Ligand code: 13P
Ligand code: SF4
């Protein structure tokens, strides 16, 4: 059976060392306790995306997918939000809650897919399609959101597209998510040609091989995977959708087509089931940058604060608010 990268402790430690940039590695348990004390002192909530390192997920107040985390960020009464994820996620929190201080512990944690479309690109595409609404995946910059009509995440994309009264829709930036939505949405759709480098690396042959080695296993994947991979899936959903699916399925072995951080909670919540990553390449280097040391330093110094200029923020907020009124697909 294929051994997931996450089970290789040496690789994991190597990854952690490189993300420490020469800083000494501190005692993990002591550091976790110190962070929890600091969170209380600062009236802060710690949010972590489902792809974060295990040790980050372990001490976060809330873990979740992009949709759940933006909802939590909008609703939390805390003064400070420490967002362990990538830049567009913290930016969305800053857009939704301008009165709060939003910290991204690693300012260099970006999302390459979000950088694949600029405001200038989008202006040109809109000019070609007057009157066609733009659906922006949350994996976009605030400036791109400000030019869009409504946001979506992987958890509500089909419902968001179907909620629009227009017959045609232009979706950005992920060609794979857009293609997946176009399979069921009752709309004429066009889209931008962006993609997630991590999910795009997963090959159909790797999934087929994992299925052959594990007869009876089911395959669940994220809609950011290539359509050829999606075709092989028993279920396609957001990262949080995978937790629900894993609990519900009667299969004992589940092949998982998304970033390896998902395994932490899948294994914790389903100790009797076996989870397999079909490829060693399912690691998002940006999601893995944040170490406990970064959270501790950012909170101690109250640094790495994400802000959005007010003219952009108010427009981007309207785009996010429209999305938050639409229910989840799953
Ligand atoms: P989710 O919204 O499904 O958590 O996905 C976020 C993401 O960046 C996937 O690559
Ligand atoms: Fe961006 Fe892909 Fe990383 Fe998600 S997994 S943050 S889409 S690069």
* Asked: Label points 7 Å out from Cα along the Cβ direction at residue 325 and residue 234: separation in nm?
  -> 3.9
* Structure fact -> Sorted on mean Cβ neighbours within 10 Å (highest first), peptides 232-238, 25-31 come out as 232-238, 25-31
* Asked: Going highest first, how would you order 121-128, 263-270 by mean Cβ packing within 10 Å?
  -> 263-270, 121-128
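Suppose R0 equals 56 Å; then what is the FRET efficiency for residue 32 and residue 120 from their Cβ-Cβ distance, rounded to the nearest 0.05? Before the final figure, lay out each step's value.
Working: r = 43 Å, r/R0 = 0.78.
Step by step, r from the Cβ atoms, then E = 0.80.
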* Pairs of Cα atoms under 8 Å, at least six residues apart: use those to get the relative contact order of region 199-283, whole percent. => 34
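Multiplying the sequence separation of residue 25 and residue 248 by 0.36 nm and subtracting their Cα-Cα distance, what value in nm do you get? It would help to have the intermediate numbers written out before the result.
Numbers: separation 223, 0.36 × 223 = 80.28 nm, distance 3.92 nm.
Working it through step by step, the gained length comes to 76.4 nm.
Explain nothing, just the number: relative contact order of the chain, from Cα pairs under 8 Å at least 6 residues apart, as a whole percent. Walk me through the numbers before you get to the answer.
Working: 642 pairs, mean separation 79.9, N = 330.
It comes to 24 percent, rounded to a whole number.
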* Structure fact -> Each label sits 7 Å from Cα toward the beta-carbon; between residue 212 and residue 99 the label points are separated, in nm, by 6.0
* Distance in nm between label sites at residue 203 and residue 272, each 7 Å beyond Cα in the beta-carbon direction? -> 3.7
* Label zone at residue 186 (point 7 Å along Cα-to-Cβ), backbone N below 19 Å, region 306-330 -> 326-330
* Asked: Once all Cα-Cα distances of the chain are split into 20 Å bins that start at 0, what whole-number percent is in each one?
  -> 32, 58, 9
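Could you put 137, 51 in order, starting from the residue whose Cβ has the fewest other Cβ atoms within 10 Å?
Working: 137 32, 51 26.
Sorted ascending by nearby Cβ count, the order is 51, 137.
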* Asked: Taking square-rooted eigenvalues a ≥ b ≥ c of the alpha carbon gyration tensor, is region 200-253 rounded, prolate or oblate, where a/c under 1.5 means rounded and, failing that, a/b exceeding b/c means prolate?
  -> oblate
* Quickly rank 68-78, 152-162 as a protection proxy: mean count of other C-beta atoms within 10 Å, highest first. => 152-162, 68-78
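Any read-out appearing in this document is the output of simple, stated calculations on the displayed coordinates, not a laboratory observation. The model shown is predicted, which means the values in this text are computed figures rather than measured ones. Glycine also receives a Cβ, built like all others from the backbone with ideal geometry; neighbour counts cover every protein chain displayed.
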